[in-house]
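What follows is a set of notes on a single structure, which appears directly below.
The values are calculated or read from the model by the stated rules, or taken from the named source; none is laboratory data. Nothing here was measured: the structure is a model prediction, and the numbers come from that model. Note: ideal-geometry Cβ built from the backbone for every residue, glycine included; neighbour counts use all protein chains shown.
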Amino acid sequence: MHHDSFFYLALVYLTAAVIAVPIAKRLGLGSVLGYLMAGMLIGPHLLGLIGEEGQDVMHFAEFGVVMMLFVIGLELEPSLLWRMRSAILGLGGLQVAGTAIIIGGLAFLAGLSWQASAALGMILSLSSTAIVLQTLNEKGLMKTTSGQSSFAVLLFQDIAVIPMLAIFPLLAIQTAGTDSASSQTWVGSLPAWLQTVVVLGAVGLIIIGGRFIIRPAFRFIAQTRLLELFTAAALLLVIAIAVLMTTVGLSPALGTFLAGVVLANSEYRHELISDIEPFKGLLLGLFFISVGASINFTLIVENPGTILILVLGLMVVKGLVLFVLGKVYKIGTDQNLIFSFSLSQVGEFAFVLFSFALQNGIFDAELTGKMVAVVALSMAMTPLIMTFNEKVLLPRFGTEKTNDREADEIQEDNPVIIAGFDRFGNTVGRLLKANGIGTTVLDNDSDRVDTLRKLGLKVYYGDATRHELLHAAGAGKAKLIIIAYEESEKNENLVHLVKKHFPHLQILVRTSDRTESYRLIEQGVDHVYRETLDTALRMGVDAMRMLGIRGFHAQRAANMFRKHDEKVLKNLSAVRKDKKVYFSMAKSAIAELEELIQADMTDTDLERDAGWDSDSLREEVLARFQPLPKPDEPKATS
Amino acid sequence: MPRILILFAHPRLEKSRINIQLIKDITTIPGVTFRDLYEEYPDFDVDIKAEQQLLLEHDVIVFHHPFYWYSAPPLIKQWIDLVLAHGWAYGSAGRMLEGKFWLQIITSGGPESSYQATGGARFTIREYLIPFEQTARLCKMTFLPPLAIQGTHRMTSEELGIHSRRYQKLISGLSDGSIRPEDLTPFSYTKDYFESVEGK
């Protein structure tokens, strides 16, 4: 098969991904690093399975970034933006400004022109949304302080790209007009001020179009009730914006991000996200592979010292700026370490911006080549240094060990250990504390731990899935453990650990849904609590009461429903185990619902309050005095 | 050998010195099923089928509860309302409890002297228990004389010991057959039976 054929390339890329990613995940390195390594392996400098066409694939795969920004835009509700405004503007703004000034200054000192220094500073101040969000998500850190702060900074950076792209033509060195690359688009032939106007005009078009054209169009398409047509329309939208943006010489990613934000409040938000998501994931993987493949090893081998110093210097500068800002914004030490390390690379936008800057004649080809290698290396190092931080730094410098109070406080032996103290665990904990029951609380969000300690609660930082920590928390003497993490994986690991090392402990586990509950029941946990069940039932009770059903009856109906549901849960769990059938999540959810509804209809248990129901008594009394009319007899008018 | 079911109901057992002592040794008597209703049904959601099944498996049904407002705590009433269903426990088709025995063990703060026509309570325990007696009768059961442990507010440990031993003797006696229900029926109160036996 010819090396350039689509199928050959697909074969190479997919094989590399399917082999490398699971291995990287198994080694605890995360999928991003897996894709990057796969790319390096098949790239022109190692195995050479793909050659220069890697560049073309990269252009194609940049589309993954475009889609990711569309999805990020969709997920950004204006209310969320408003809530995070101080973090986004303060933390994000200071990060971009601080990093850009320091790196730009260093570049100027190194002898670059002021225009090139400014552009370089701005480009390198950005971090990789794709890598950071993917990595934080995989590690379950998105909800923590570090995750939220990282998200805020990334968001500001994504937005900051818009003015950067608008500024770059103004930075163009006068000779730019002769550069062939910039005249490829018609915008390139316009004078600098007009280019800026066009850029702003295109942005405006997307905002207005999104509001007044795209929504009615989607409504029209949705009325056809053809699912695949909606997917097609979603893809068309993203591609159309990308083409528009490229025509006017702007980053397609920005355009789709904006369109996403505009559509975030529309009724089609969730449908758009779920339609685009699979394409996004696949293309992002491809993008990481091509980043790996584009690392020019010849360039690195020729100047190993320079490249290495640049990569390390860059990451140290970025990391330091982040760490100082984290201190200013009072992020706890180990959350701050995660925050600083995770954002210390340069983002995928750099590739886009470098080519834009090259077109504008701000950089020359040699500098661009070197910087692309530096950026790619910094991205490749991110998962590594985050793992390093997690395995080496945090255990040493995290809140856990630096805090002297812990050692003596954790001596106490309480009957209850609570692992996970977010909104769920803390309600349980408060109830027990209010009733004078001693609890030892463990949580893995150090900022939350610090806050709660300030309030006088005895909360300990640490990962409860570590045997030594559980032991120190008094698991050997406690009576029960309440496992209330949000992440099901963590809960399951902890159950496994407790069953193995502390079999005397009674286990109570929070779960988010049925599937999770099944897995826990299969692990032999008797006390499983679905976090939304009781609240949903209380809501149902209130709804029934608003419809005029008496409170006591509604309350008892809900009690009965819950007991019934829990019984069914256990039964279905057993059935599931016997059959050993794997249903896809959606399928099993539907099947369960059907089974539940059918069981509700046939189960006579649901008619139970006969003791307060005098129907049968009335029948008996009436039967004693007069025969009941037969159903087919015409009733006498009364 | 008659099988005995004790339905114990106390909403605040942890505060009741008397009842903690009374039930301490009862639970270990062989052939006796002890059921702590407030522990079993904190939400008052009585499992009717389970309770009816238990009734079928036993011959003497003991209701052990404090005397609140001249009656039983609300969960006992809840239990009676729901478990003693029409067509099952009573009514023309309800004969499932026929021939079984109903026995109440009662603790009251006020002394025996108060529960008389001339006392503060004006009526006797037997009079106050008439609704229960009639319930048992409607279910075709035999109502045995109640064991009333009275004056608990001022009860000394020695006195409590006597009552506790009588309670044990009553349950184990009924269980092993050394006390037959017919031995009790001539008396108004089980206490009188013990005094007649112990007096000999």
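Say whether the condition of being in a loop (DSSP other than H, G, I, E, B), closer than 24 Å to B:Leu170 by Cβ, away from chain A (no Cβ under 14 Å) and modelled with pLDDT under 95 is met by at least one residue in the stretch B:31-51. Scanning the stretch B:31-51, I find at least one residue that is in a loop (DSSP other than H, G, I, E, B), closer than 24 Å to B:Leu170 by Cβ, away from chain A (no Cβ under 14 Å) and modelled with pLDDT under 95, so the answer is yes.
Please tell me if A:Ala176 is modelled with pLDDT under 75, surrounded by 14 or more Cβ atoms within 10 Å (Cβ to Cβ) and part of a helix (DSSP H, G or I). So A:Ala176 passes the test. Of the residues making up the stretch A:499-514, those that are more than 24 Å from A:Gly476 (Cα to Cα) and buried (at least 16 other Cβ atoms within 10 Å of the Cβ) are A:Thr511, A:Arg514.
Checked against (1) in contact with a strand residue (DSSP E or B) (Cβ under 9 Å, 6 or more places away or on another chain); (2) free of Cβ contacts under 8 Å to residues at least 60 places away in the same chain; (3) under 19 Å from B:His163 (Cα atoms), B:Ile20 passes all but condition (1).
Checked against (1) under 18 Å from B:Gln168 (Cα atoms); (2) surrounded by fewer than 18 Cβ atoms within 10 Å (Cβ to Cβ), B:Ile26 meets all criteria but (2). For A:Leu76, the stated conditions hold: it is within 22 Å of A:Ser127 (Cα to Cα) and modelled with pLDDT under 80.
Screening B:Gly99 on (1) more than 25 Å from A:Trp612 (Cβ to Cβ); (2) part of a loop (DSSP other than H, G, I, E, B); (3) within 14 Å of chain A (Cβ to nearest Cβ) shows it passes everything except condition (3).
For the structure I just gave you, tell me whether A:Gln95 is modelled with pLDDT of 90 or more, in contact with a Leu (Cβ under 7 Å, 6 or more places away or on another chain), in the same structural domain as A:Glu277 (by TED's automatic domain parsing) and in a helix (DSSP H, G or I). Steps first, please.
Details: modelled with pLDDT of 90 or more: yes; in contact with a Leu (Cβ under 7 Å, 6 or more places away or on another chain): yes; in the same structural domain as A:Glu277 (by TED's automatic domain parsing): yes; in a helix (DSSP H, G or I): yes.
Taking the combined requirement at face value, the residue satisfies it.
Selection over the stretch B:55-96 of residues that are hydrophobic (A, V, I, L, M, F, W, C) and either without any contact (Cβ under 8 Å) to a residue 40 or more places away in the chain or facing chain A (nearest Cβ under 9 Å) (or both) gives a count of 8.
Does B:Lys24 count as within 18 Å of the chain's Cα centre (by Cα), within 14 Å of another protein chain (Cβ to nearest Cβ) and not acidic (Asp, Glu)? When the stated conditions are applied, B:Lys24 does not pass them.
Looking at the structure I just gave you, is A:Glu277 charged (D, E, K, R) and part of a helix (DSSP H, G or I)? Don't jump to the end; show me each part of the working.
Values: charged (D, E, K, R): yes; part of a helix (DSSP H, G or I): yes.
So A:Glu277 passes the test.
Within the stretch B:102-117, being part of a loop (DSSP other than H, G, I, E, B) and either within 14 Å of chain A (Cβ to nearest Cβ) or over 20 Å from the mean Cα position of the chain (by Cα) (or both) holds for B:Gln116, B:Ala117. Within the option set A:Ala152, A:Ala100, being in contact with a Gly (Cβ under 8 Å, 6 or more places away or on another chain), within 26 Å of A:Gly369 (Cα to Cα) and surrounded by 17 or more Cβ atoms within 10 Å (Cβ to Cβ) holds for one residue only, A:Ala100. Any idea how many residues of the stretch A:273-290 are in contact with a Leu (Cβ under 6 Å, 6 or more places away or on another chain) and buried (at least 20 other Cβ atoms within 10 Å of the Cβ)? Number of matching residues: 1. Taken over the stretch A:566-579, the residue count meeting the criterion of being acidic (Asp, Glu) and either modelled with pLDDT of 75 or more or not in a helix (DSSP H, G or I) (or both) is 1.
Given the criteria assigned by TED's automatic domain parsing to the domain that holds A:Ile131, in contact (Cβ under 8 Å) with a residue 60 or more places away in the chain and either in a helix (DSSP H, G or I) or under 25 Å from A:Pro78 (Cβ atoms) (or both), does A:Ala259 qualify? Yes: the conditions hold for A:Ala259. Close Cβ contacts (under 6 Å, 6 or more residues apart or on different chains) running from residues in the stretch A:289-310 that are more than 26 Å from A:Val18 (Cβ to Cβ) and part of a helix (DSSP H, G or I) to residues that are of a type outside the set (Gly, Ala, Ser) and at pLDDT below 80 comprise A:Ile307/A:Ile300. Within the stretch A:460-495, the residues that satisfy the criterion of being of a type in the set (Gly, Ala, Ser), closer than 20 Å to A:Gly140 by Cβ and at pLDDT 80 or above are A:Ala484, A:Ser488.
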